[in-house]
Each structure stands twice: as structure tokens, then as C-alpha cells.
Amino acid sequence: MTDPILPTAAQSKTPQKTPAQSSNVTDTHDDIVIQMRALIDAIKTHNYAYYVLDNPTLEDSEYDQLRCSLLELEEAYPDLVQPDSPINQVGDMPLSAFTQVTHDIPMLSLGNVFEYDDLRDFMRRVNDRLSVSQQNPEYEMELKLDGLAVSLKYEYGELVQAVTRGDGQTGEDITQNAKTIRNLPLWLAAAADIELLEVRGEVLMPKAGFDRLNRLAEESEGKTFANPRNAAAGSLRQLDPSVAASRPLAFYGYSVNQGLPESIDTQSAALAWLTDIGFTVSAVEVVQNPRAAQAYYESVIEARSDLPFEIDGMVIKVNNLALQQQLGFLSREPRWATAYKFPAETVMTRLNDIEWQVGRTGQITPVGKLEPVKVGGVTVSNVTLHNFGEIQRLDVRAGDMVSVHRAGDVIPKVTRVWHDQRPEDSEPVTLPSTCPVCDSPVVLPEDEALARCSGGLFCPAQQTEALIHFVSRRAMDIDGLGASWLISFFEHGLVKTVADIYQLHNHQDELINFEKLGEKSVQNIIDAIEASKQTTLARFIYALGIRGVGEGTAQNFAQQFGDLDSLMAASIETLIKTPDVGEITAELTYKFFRAPHNIEVINALREAGVHWDKVEQVASEGLPLDGQTWVITGALDSMARDEAKAKLQALGAKVSGSISAKTTALLAGDKAGSKLTKAEKLGVKVVGEDEFLVMVGE
């Protein structure tokens, strides 16, 4: 199966603008036909994988890009439209293993809108086809469920047939499998006098059932599914109905296409009637205008992660059924309905270049420079490639087409490289031999993926990054002294080490002359520096920027040693006795406190007045949680995670940053993620916030 090919033209308004693959494209008829054929072949390949094999090769957003690109070409060159274009086709041919059934009424697809302006254009087009008195109709909004579309037929209340969408004209008879769906009515007493009732809807697998199915498959070393949609489709189209019966499937109705009582005249009333006679439907909202539709759409995005099933957008329909009939259909979609897709979380774009950045510990990190693209509602132009090992794993090069994924606040990442679209003149990425900032040799230890600049604090990049880290909120928390000012002060020679920050009060006249820095701003910075002198030992240790020492380790060091002098004098063997400190971190810490330059900076900081209260060390012996290891994940309502960690430590527990079989318990707050999943898989006890508050006496 070949991967799809993106076009080189037709880059007007699409859900995501696909970057041009060549700056010398000539729009001759032959060129356009070649582009159309490439897109048609790609879409057909994906349609077969998605609709027939239930094994999609693309994210929905990437598929939308392909369709939109082909549609734009066909609209621009209608005389070149290919006879086998999939634009007017909904899916692909049904499996021959099932009986084929022709739909009485075609099961059409929906058009898409991707942003507020598109939504207003859709509603404007509806108005243009209505008389003045009919304009600005009500719209009904439903969740766009991510499952398999199915048509159900009832004769005098009895379920007699269930058929998949198939290619929109002909589908597969899956009646025996559909009868195993637990919430799908086999008999409708309220419809016993209706000769023929056709209900259409979506068969899906709820998230909880999907997780359980995959967990059982893993335990039995069976096949796992990539997502709930795959699981639902694969389950529903088993030749053995007992397999479908064992799967946690659900049916949600979304339309009545035949047999609706004449007294019902709106889509919202039709779904209410379906609920009354025994069907499950998704949430429904009736709105009057684009602003109200947008507000509801945004509220659903916020609640999306809490829904029991996957959705990929909203469906917006003219609510009045008579107006729906009046507005009619295009060749493959209704004029009275559209799908308002959520911001794409995975999109394709071009990786224009790879640059190398130097962090405060000397780590050389590759950064991908993208053709700007909107993903997850945010325009992204840079993406981290993590390290040289990741570049080799992906086999990514400058000029490649890549898929970029971003969900919520997650940092965007490259998930796929489209090697078949690689430029002929591309070259493999090589690790720079010298630091891009200071020209010191770059070292890559054997069997490691992380390369580092060997220049240490001789390297300006490491110096400035160390300064920025030192003043950050979780370190010394010097408000108002941002990265741009620190870099500027560094370049002007006002600060070279973190200790120099506490001498800036001697340069107030020079600071006032900096662009955009007035007397008031300078005074605020000086005051913030002065206030930061009162800190905690844990914050100070973290602020020093010792490689491998994060906030948690700094807190553990503070609790273990009680004062800085004891920590600085500790041997590697003594350091390893600190909870969650291994040999590598112990060795790096030991070496840090043996470097003359570092000792000089620490002494200068203390002489400048940086101080902290004595750490009250607590012996864990005899405490309630002595010998236990806890992990904290998610957001807590009643306190910060640092505070929760301190309370656990006060009870004698060790607090780790990662889950393992040795973990005693996981304190799980709101939006707990992969750690919760891993804890459940390992059988680690999970403690909620309420239980935790009782445990600590609050």
C-alpha cells in the first residue's frame, strides 16, 4: 500500500494550507491531471484502508487535506475532472463476505467547515437559497461521533435489517452483529404500527470499553486496536456474531429517514422522539445564529476530554425538516447540514530546515523549522526533534513532508515522515562536530543519543541559559527579569554569572539607559532581586542548574542533608543514599561541587545575602508512610503538588517522579494521564484527592 502524495498547487482556503512542493510549478493541463491522479490514487488507497480494512493510514485531518486539495483543483479546472474522482463518493466497496444491500435513500457524507468564518459562509449559503421570510432559521447541533455509520430498518417495530454505509449507495448487511449491541433496541413497542421505520446512527466503542478491550488483548498477547473507531468497525464487521457480542459497542441515533410521525417537524424533535421510543442519542443544542453556534462549539471542545466516547467535531443541521427538503442535496452531501471539525491535532507540512540549539547543560538539541501550519488551533513553525537519535529513528531530513501532532498544551512533535515525497537532492542529517555557538567540540558518548557541547561555561549559550534558569519562577523567582533582558545584560557585559545578578544595583544608571527600561522598571527589577535573597534551600539547589537535578531531586537533597555545606561535602556514595538519586546524578552533583568556578559563584551568592531558613529534617522511622514510595500526577484542587509532596514526605514517604512495580501508591488529581494508566496496568494503588486529604488529616 503506497502513501498518499500531496499536490503542488491549489493552496487557497483549506482546513490546513498544504505547503507547495516546488516553486516552479506550471499549471498546464498535463500538470493538473498528474496532480489530480496522484490525489485520487492516494484518497482511494486511504478509503480502502479506512472503510474496508478498518486500518486507516492517515489521521482524519490529513485525509481532509487531501480531499480539499483535490476539490480545489476540480473547482478550478472542471473540464479536467477525472471520471473516477472520489469527491462524489462516500466510502469504498463493501466486503464481499457480507450480503450487499442497496440503500433506499443514499447515505451521503457531510461537507466540512473548519473555522468561524467558514461557519458563517455555510449559514449565508443557506440563507441565499431561502425566501426572505424563511431566512436565519434555527440550527440543531449534535456531537459528531467517531464510529461506523449504520442504517437500521424496523418493520412494525421489529428490527429486520442493519446495513453499513458502504459506498453510500450500497452497504453490507450486518444485521446479526448489530443485534448484539446492548443498547440497540430489537423491538420498538411504540413503533409497532409503523410499517417501515429507518433510523440511522453511529456504532461506536466508548473509551472505557476500548481501554478494557486492549488491556485484555495485551494480557492474552492478542491484537490491540489503534483507536476506538477501529475497534468498533472491526468488531461490527466480524463474520462470527459472537465476536461482536463480546465487544462493548454502543449505538447512537442521529436521524429518522423513513417512518417519522407527521406531527414531528424538526430535527431536534425527531431525536427527542427517538429517545422516547428507546434509542440513545448524543447531546443536542438548538441555536439561532453563528455566534451561538460558535459558543456551543467552543464549550464542547472544553468538555471533549471528559466525554465517554471520541468525537471529532459537531454536526450542524437546519432544524426545520421542511426546509431541509426545500434546500435539497449536492451530489454527495446535503445543503442543509455540515460538519464543524475540531482544530486538527495532526497535520502535514514541510520541514524546511533543521537547526541546532544549545541548552544550559550543553545539550545540543535539533529544532525543526516548519512551513508554518495551524495545528490544534495554534500556528506552529518550530518543532523539537529531541536529539540526534530521534533524527536517525525517524530518518528525517530537511525538505521532507512530515506529520506534526499537537493535542491540548502538548508540545508539537513529528509523528511521521513521508519518505515517498522526499526531494531527490535531500541529504542525511549529520551531527555538527563543533558547537554552533562557541565552536567547542561536540561529544556524543557511546550508546547515547544526547550530544553535548564540551565548552561548559565558556559557551555563551550555556551561560545565558543558566542565567535564565536561575531567575525562573520555580528557581529564584525574580519577577520582571525576563530572558530578553538577561541576554541583553549579558551581551553588554553587566552579568556573566548568576552571582552578578545581585550586583546589578550598582549599575542602575546604565540599566535606565537601556531601550524600553525606565527608572520605574529598573527599580522594580532591583526590588525583585532583593526579595529573592530570602529563599529555600531546595529552590537554591534547583536554581544552580546542576545537570540531572530537577525540583524533586533538589527537594530530596535539601531534606536529606539539611544544609548546603553538608551537600557540597558529600561523597558519591553518600549522595546515592538520597531518595531517587542514582549513580549518574550523584556523580554529576559531586563533580559540580568540586569545580572551583562553581564554588566561587556559590560563595559570591551567599556573600550577596542569598539565604534560607534551616531545613527541619524529619526522621522517617516510625512515621505512618515509612518505607513507602508515592508518585503524584494530575492537578489537585486543594493544594499545589509541591505542597502535597511535602505532606507525604512529612509522613515518611519517598516521593518519586515515575511509576514502577515498586511504587506503593499513586496520588491522582484531575486530568491524570499516562502515569494513571501505567499504575492501573501494574496494579499500583490509586489514591484520589479526597482520600488523600483524609489521610493527612485535612
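Nothing in this text is a laboratory measurement; each read-out follows from the coordinates by a stated rule. Given the structure is predicted, the values throughout are model-derived calculations rather than measurements. Backbone-built Cβ (ideal geometry, glycine too); neighbour counts: all protein chains shown.
Note on the range 127-207: antiparallel DSSP beta bridges, both residues inside, total approximately 100 percent of the bridges counted. Bridges between two residues of the chain, per DSSP, are antiparallel at a rate of about 80%. Given their separation in residues at 0.36 nm each and the Cα-Cα distance between them, residue 275 and residue 161 gain 39.0 nm when the chain is fully extended.
Taking amide hydrogens as placed 1.01 Å from N in the peptide plane, the amide H of residue 312 sits under 5 Å from those of 144, 146, each at least 5 positions away in sequence or on another chain.
Restricting the GluC sites (Glu not before Pro) of the range 498-585 to loop positions (DSSP other than H, G, I, E, B) with no more than 13 neighbouring Cβ atoms within 10 Å leaves 515. Here's the picture: charge each Lys and Arg Cβ at +1 and each Asp and Glu Cβ at -1 in the chain, and of 340, 63, 354 the one pushed furthest to the positive end of that dipole is 354. With the helix formula -39500 (n - 2.57) applied to DSSP H stretches of n ≥ 4, the chain reaches a computed 222 nm mean residue ellipticity of -10000 deg cm²/dmol.
Size of the dipole of the chain about the Cα centre, Lys and Arg at +1 and Asp and Glu at -1 on the beta carbon, nothing else charged, in debye to 20?
Computed about the Cα centre, the dipole is about 840 debye.
Only one of (i) 27.5, 91; (ii) 31.0, 92; (iii) 24.4, 74 was calculated from the structure for Rg and Dmax of the Cα atoms in Å, and its label is (ii). What whole number of Å gives the distance from the Cα centroid of the range 204-253 to the Cα centroid of the range 323-345? A separation of 30 Å, based on Cα centres. On the basis of the beta-carbon distance and an R0 of 60 Å, residue 587 and residue 299 show a calculated FRET efficiency of 0.70. Taking the chain, the Cys residues with no second Cys beta-carbon under 4.7 angstrom are 68. The packing ranking, built from the mean of other Cβ atoms within 10 Å per residue, places the peptides 589-595, 363-369, 226-232, 565-571 in the order 226-232, 363-369, 589-595, 565-571, highest first. Separation of the alpha carbons by more than 26 angstrom is noted, of 44/179; 533/645; 369/678, for 44/179; 369/678.
By the count of other C-beta atoms within 10 Å, a proxy for reagent exposure, 61, 472 are ordered fewest to most as 472, 61.
Each Cα pair under 8 Å and six or more residues apart adds its separation to the average, and for the range 457-612 the resulting relative contact order is 24 percent.
The charge dipole of the range 251-408, taken about its Cα centre with unit charges on the Cβ of Lys, Arg, Asp and Glu (plus for the first two, minus for the last two), comes to roughly 440 debye. Placing a pseudo-label 7 Å from each Cα along the Cα-to-Cβ vector at residue 79 and residue 29 gives an inter-label distance of 0.6 nm. Modelled this way, with points 7 Å down the Cα-to-C-beta line, the labels at residue 646 and residue 186 are 6.2 nm from one another.
Each residue, residue 536 and residue 515, gets one label point 7 Å from its Cα in the Cβ direction; the gap between the two is 4.0 nm.
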